[in-house]
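Below is one structure, written out as structure tokens; the observations come after it.
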Amino acid sequence: IGVLPKTVRPVDVSRVLYQLHLLPDRRQQRSALFDRAANAAQAVPAAAFAAAVAEAAAPVAPTASAMAPEAPAGQSAQATWAAPPIAISELNASLRQSVQQLVKDQLAEQRRFLLATFEAFARRLVSEMKESAPRTAAAPVAEPLPIEPPARPLWPVALTALVAVAPALVLGALYWKALDENRQVGRELAGLKAAVQKLAETPPPAPVYDLPPALAPTTSSPDAAANAGAPAPAAAGAKAAPPAGPAAPASVEYVPYGETPFANSRLERLRSIAAPLEAKHFRGRILLESYVGDFCLAGNPAEGFTVADPALPFQKCEIVGNPFDDSLSPAQRQSVDFANFVASLRQRSGGAIVVETQSAGRRNPVAYPEQAETSTAGAWNTIAAQNNRVEFRVVPAD
């Protein structure tokens, strides 16, 4: 509704409050006579109000006292109009109030004008006095005499140079030693790479078929194991006695990454071991124990993992493990042909030869190489291929 400035003169407070409509303006107040007439006009209907006005304005009949006694003859006496006393008193009061209000407003306006004039005159007088006042010149400031710097001793410079040279010498010696060690590590790395390359090019060792002492041949060839232990003709129909002594060392069949443990070449190995045992009427178990090797792999879970390149640094392997073997259930670790052969072998031997499969997990028969910055995927996967295998053991019945 308006703005009240922060700095306002005392004489202008009432004017600002009037402008903001926070106080009623006394100059706009109407007289009581006019207000009463307006209220009566609103309260009385138009016809009644007109009748009252006509009655108040009706001429009064001239009386004897009202007529002039000295009126000349031939002139008619004029009628006089008399107003109600109440209206006259109200009119006097309203006129007095209006005149008083006008005088007050004029006095206030004059007072404001005088105050404003005096303030402006005082400000102008003060400014003129300040301008006409003599200005004293500032005393000149004496410039300080130059101070000669003290003589700097030489021993701090020499000490600083010594402290700077000593670490440089130590760092140089350490750098030279690090270069020598790097050359030696480079020569060892070259030798390891050559050994890993040679090992990667070397084919895996030929499988050895180990059988119990009573049935095992003198050579590790599967043909010798099938023919060397044939019984004499006289004892052909006799039942073979269970062999005595502990079981022979286990034979190993390696499982490439991504293949089912009990399938493919492991099935062929089982058949070659079970054939001579079945011919000799062996009674016992053929125990197959699978081990899981952790390979250095490349790829991703969406597209699958593959064995990493032999020259790839070990630190850049996407994953080190065997996700393919971990995803297999116990039933999926055997192929259909393997399961059928195990069932048929047990049926043919009347339950005398039982094939049992076990999972040895990650019990690594061969220790993995140390993980260093110079390690490669080929060196790691060579050991992982040896740990990812199936061991065959023949356990005779008690």
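Values quoted throughout were computed directly from the atomic coordinates according to the rules given, and no laboratory measurement underlies them. What you see is a predicted model, and the numbers here were worked out from it, not measured in a lab. Cβ sites come from the backbone with ideal geometry, for glycine too, and all protein chains shown count toward neighbours.
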### Task
Take each of the peptides 298-310, 3-15, average the number of other beta-carbon atoms within 10 Å over its residues, and list them starting from the highest.
298-310, 3-15
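Need one word for region 306-390: rounded, prolate or oblate. Basis is the Cα gyration tensor (sqrt eigenvalues a ≥ b ≥ c); a/c below 1.5 gives rounded, then a/b vs b/c decides. The partial results should precede the final answer.
Details: a/c = 3.68, a/b = 2.76, b/c = 1.33.
Prolate, since a/c reaches 1.5 and a/b exceeds b/c.
Take every Cα pair under 8 Å in region 238-384 that's 6+ residues apart, average their separations, divide by the length, and report that relative contact order as a whole percent. Don't jump to the answer; show the numbers that get you there.
Details: 179 pairs, mean separation 50.4, N = 147.
Dividing the mean separation by the residue count of region 238-384 yields 34 percent.
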### Most positive-pole-ward Cα, Phe282, Leu345, Phe295, against dipole of region 266-372 from beta carbon charges
Phe282
### Task
Please sort 278-291, 155-168 by packing, taking for each peptide the average over its residues of neighbouring beta carbons within 10 angstrom, highest first.
278-291, 155-168
### region 334-398 - percent relative contact order, Cα under 8 Å, separation 6 or more
21 percent
